[in-house]
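Below is one structure; the comments refer to it alone.
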Amino acid sequence: MTTPEGDTFTADTDVRLASLWADAQLGASWDDGLPPFDQHDAMNDMIDEIHAIQDGEIPGYTVTEFHP
C-alpha cells in the first residue's frame, strides 16, 4: 500500500497490512490497554478502509497485490 504522503507498507495479508498502517497512523502502541473487542473493531475498520482503497473509493492511496 502507498499513501498520498509516499509512505509504503508491504504485508502478506490484509490483517498485517492493517496492523502496519494502524501503527503508522496511531503510534506503535495504539492498542495497549484496549479491550480485545475494541482492538478487533479498530482492525476491522482499517481492513474495511483497505478494501475501499482497493475499490478506488479513497483517492490518493494505492494497494497493489502480488501473486507469484
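The values are calculated or read from the model by the stated rules, or taken from the named source; none is laboratory data. Only a predicted model underlies this, so the values are computations on that prediction, with no experimental measurement involved. Protein only, heavy atoms only, side chains kept; ligands, DNA and RNA dropped before computing areas. Shrake-Rupley method; radii C 1.70, N 1.55, O 1.52, S 1.80 Å.
Here Glu49 sits with roughly 70 square angstrom of accessible surface, probe radius 1.4 Å. Rounded, prolate or oblate, given the Cα gyration tensor of the range 1-51, with a/c below 1.5 counting as rounded? It comes out prolate by the Cα gyration axes. Computed from Cα positions, the angle between helix 14-26 and the longest principal axis of the chain comes to roughly 70 degrees. Our estimate of slack between Asp55 and Asp7, defined as 0.36 nm per intervening residue step minus the Cα-Cα distance, is 15.3 nm.
Across the protein chains, with a 1.4 Å probe defining accessible surface, the residues Phe37, Phe9 rank Phe37, Phe9 from largest area downward.
Against the main long axis of the alpha-carbon atoms of the chain, helix 36-54 sits at an angle near 10°.
Using C-alpha pairs below 8 Å separated by at least 6 residues, the relative contact order for the chain is 38 percent. Note that the chain presents 69 Å² accessible area per residue, ligands and nucleic acids not counted, probe 1.4 Å.
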